[in-house]
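**Q** Just passing along the structure, written as structure tokens.
The values are calculated or read from the model by the stated rules, or taken from the named source; none is laboratory data. This is a predicted model, so every value here is computed, not measured. Positions of Cβ are generated from backbone atoms using ideal geometry, with glycine treated the same way; all protein chains shown enter the neighbour counts.
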Amino acid sequence: MESRQAVAVFGAYGHTGRFVVAELLERGFVPVLSGRDAGKLEALAASSELEARPATADDPASLDRALSGTVAVINAAGPFAATTAPVIEAALRAGIPYVDVAAEIEANADTFAHFGERARAAGAVVVPAMAFFGGLGDLLATVAMGDWTSADEVHVAYALSSWHPTAGTRASGTVSHDRRDGRRVRFANGKLEYHDEALPSLKWTFPEPTGVRSVIGEFSMADVVTIPSHFAVPRLHSYMTAEAVGDLSAPDTPEPAAADERGRSDQTFLVDVVVRSGGTERRATASGQDIYAITAPLAVEAVARILTGRTRTTGVASAGEIFDAADFLGALSEHLTFELHQ
Ligand SMILES: NC(=O)c1ccc[n+]([C@@H]2O[C@H](COP(=O)([O-])OP(=O)(O)OC[C@H]3O[C@@H](n4cnc5c(N)ncnc54)[C@H](OP(=O)(O)O)[C@@H]3O)[C@@H](O)[C@H]2O)c1
């Protein structure tokens, strides 16, 4: 019975993992709690009456036990440089789909590079960055592109009212920074390009009522991997509102605090995707509350669609490639407002 299928959550007691567990319950799945700290897992299991299965990335047998009897795994344990490959390997051994919320450009790119062929050959499904960064931008880009398979320009602009990063976000930023030797990365000339140029301060005109905002350009997020994975685009331009960049870079910005009964913070987001081809412009936007909380319905909706065969391909695929993007975004109407501006 679909409604009682067990779905493993690796990193279940993290900030995002907890939203994922709550969303799975809401959707009628049985979350199986996994992660490396048995004590934190037990505490979560005790309060939720769910099963806890401790596992570590360097112990394949523990991951096999964690995934045993489950129909899918959602990996919410980041930095993903350490967890992605071992959990994908375990999912492939178990013969179940794998979905993660990684926002680490190199980890996202590694997933395509290292598992693309094997996953396709096995008929397995692996969806990286099925989250606010990576997945949502890609779904919006796919809707905006419509019947285009290529575009001259792709712009992804983020307006966050604030950004109170979790410990996991900060740790992932540090790991990514170290992996690229402190250099910056962007998608240009048809590939990921490393550079040392300063990020430009620009203005971006978001749809009203947000309007013109100061943004930092070339603020590359996981979209630089997901969107070019299935569209022919020479360059991807990304922008983040300057206040949010300031929050993220300040060492003393507090972690997100719950502001409503679902545990969401009062942070609001607007993601604005503009694509241009041959002088024609298309645009799709989504807005909502709390970038960590929205990641849960994105990841769980992905799992629900994979399990019911509402997919367009197998192997490693981003959200926009594997799902019907407009239908997917429409299904999240309880969680976000989505608009296509033609
Ligand atoms: N793409 C997006 O839009 C998006 C959205 C949300 C989150 N994320 C990413 O998801 C990750 C988690 O974020 P969060 O907000 O949930 O942070 P968090 O509250 O700090 O939780 C991090 C979780 O990952 C676990 N973890 C870290 N390293 C691990 C390892 N080597 N092995 C096993 N577990 C490990 C932590 O366990 P311990 O407590 O035992 O260390 C904890 O459960 C971050 O990388 C973040 O960037 C991305």
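**Q** Restricting attention to the range 47-69, which residues are small (G, A, S) and under 14 Å from P31 (Cα atoms)? Working first, answer last.
**A** From the range 47-69, those small (G, A, S) are 47-48, 52, 55, 57, 61-62, 66, 68-69; that's our starting set.
Within the range 47-69, S47, S48, A52, A66, S68, G69 meet the criteria.
**Q** Being closer than 29 Å to V212 by Cα and of a type in the set (S, T, Y), is that true of even one residue in the range 171-193?
**A** No, that holds for no residue.
**Q** While we're on this one: For the subset of the range 162-188 comprising residues that are away from the ligand (no atom under 16 Å from the Cβ) and over 16 Å from S238 (Cβ atoms), which member is surrounded by the most Cβ atoms within 10 Å (Cβ to Cβ)? Working first, answer last.
**A** Step one: of the range 162-188, the residues away from the ligand (no atom under 16 Å from the Cβ) are 181-184, 186-188.
Add one more test, that the residue is over 16 Å from S238 (Cβ atoms), and what stays is 181-183.
Values: D181: 8, G182: 8, R183: 12.
Per the criteria, the residue is R183.
**Q** Still on this model: Return yes when D290 is at positive phi and not hydroxyl-bearing (S, T, Y) and no when it is not.
**A** Yes, satisfied.
**Q** While we're here: When only residues in the range 136-156 that are touching a residue at least 12 places away in the same chain (Cβ under 8 Å) and in a loop (DSSP other than H, G, I, E, B) count, which is nearest to the ligand (Cβ to nearest atom)?
**A** As a first pass, look at the range 136-156 and keep what is touching a residue at least 12 places away in the same chain (Cβ under 8 Å): 136-146, 148-156.
Going one step further and asking which of them are in a loop (DSSP other than H, G, I, E, B), we end up with 146, 148-149, 151-152.
Numbers: G146: 25, W148: 25, T149: 25, A151: 23, D152: 27 Å.
That would be A151.
**Q** Hey, any hits in the range 259-270 for a residue that's buried (at least 16 other Cβ atoms within 10 Å of the Cβ) and among the hydrophobic types (A, V, I, L, M, F, W, C)?
**A** Yes: one or more hits.
**Q** Hey, another quick one. Can you name every residue in the range 324-342 that is of a type outside the set (A, V, I, L, M, F, W, C) and outside any helix (DSSP H, G or I)?
**A** The first filter runs over the range 324-342 and keeps only residues of a type outside the set (A, V, I, L, M, F, W, C), leaving 324, 327, 330, 333-335, 337, 339, 341-342.
Those that are of a type outside the set (A, V, I, L, M, F, W, C) and outside any helix (DSSP H, G or I): D324, S333, E334, H335, T337, E339, H341, Q342.
**Q** So, in the range 1-38, how many residues would count as being in a loop (DSSP other than H, G, I, E, B), among the basic types (K, R), within 11 Å of the ligand (Cβ to nearest atom) and in contact (Cβ under 8 Å) with a residue 60 or more places away in the chain? It would help to see each step written out before you state the result.
**A** To start, the set of residues in the range 1-38 that are in a loop (DSSP other than H, G, I, E, B) comprises 1, 5, 11-14, 27-29, 36-37.
Then drop every residue that is not among the basic types (K, R), which leaves 27, 36.
Cutting the leftovers down to within 11 Å of the ligand (Cβ to nearest atom) gives us 36.
Okay, now just the ones that are also in contact (Cβ under 8 Å) with a residue 60 or more places away in the chain, so none.
Counting residues in the range 1-38 that are in a loop (DSSP other than H, G, I, E, B), among the basic types (K, R), within 11 Å of the ligand (Cβ to nearest atom) and in contact (Cβ under 8 Å) with a residue 60 or more places away in the chain gives 0.
**Q** Quickly run through the range 206-231 and pick out the residues that are of a type in the set (F, W, Y) and in contact with a strand residue (DSSP E or B) (Cβ under 6 Å, 6 or more places away or on another chain). Spell out how you get there, then give the answer.
**A** Of the residues in the range 206-231, the ones of a type in the set (F, W, Y) are 206, 219, 231.
Selection gives F206, F219.
**Q** Are there any pairs, at least 6 apart or on different chains, whose C-beta atoms fall under 6 Å, with the first in the range 39-57 and assigned by TED's automatic domain parsing to the domain that holds A91 and the second surrounded by 19 or more Cβ atoms within 10 Å (Cβ to Cβ) and polar (S, T, N, Q), and if so, which?
**A** As it stands, the answer is R53/S34; A55/S34; A57/T83, since those pairs meet every condition given.
**Q** Can you tell me which of S201, S220 is hydroxyl-bearing (S, T, Y) and either buried (at least 16 other Cβ atoms within 10 Å of the Cβ) or within 16 Å of the ligand (Cβ to nearest atom) (or both)? Steps first, answer last, please.
**A** Values: S201 fails: either buried (at least 16 other Cβ atoms within 10 Å of the Cβ) or within 16 Å of the ligand (Cβ to nearest atom) (or both).
Step by step, each of S201, S220 is checked, and only S220 is hydroxyl-bearing (S, T, Y) and either buried (at least 16 other Cβ atoms within 10 Å of the Cβ) or within 16 Å of the ligand (Cβ to nearest atom) (or both).
**Q** Further, regarding this structure: Do we have any residue at all in the range 276-291 that's of a type in the set (V, I, T) and more than 22 Å from V212 (Cα to Cα)? Don't jump to the end; show me each part of the working.
**A** Applying the first criterion (of a type in the set (V, I, T)) to the range 276-291 yields 280, 285, 291.
Going one step further and asking which of them are more than 22 Å from V212 (Cα to Cα), we end up with none.
No, the range 276-291 contains no residue that is of a type in the set (V, I, T) and more than 22 Å from V212 (Cα to Cα).
**Q** What are the pairs, 6+ residues apart or on separate chains, where a residue within the range 169-187 that is of a type outside the set (S, T, Y) has its Cβ under 9 Å from a residue that is surrounded by fewer than 16 Cβ atoms within 10 Å (Cβ to Cβ) and part of a helix (DSSP H, G or I)?
**A** R183/H177
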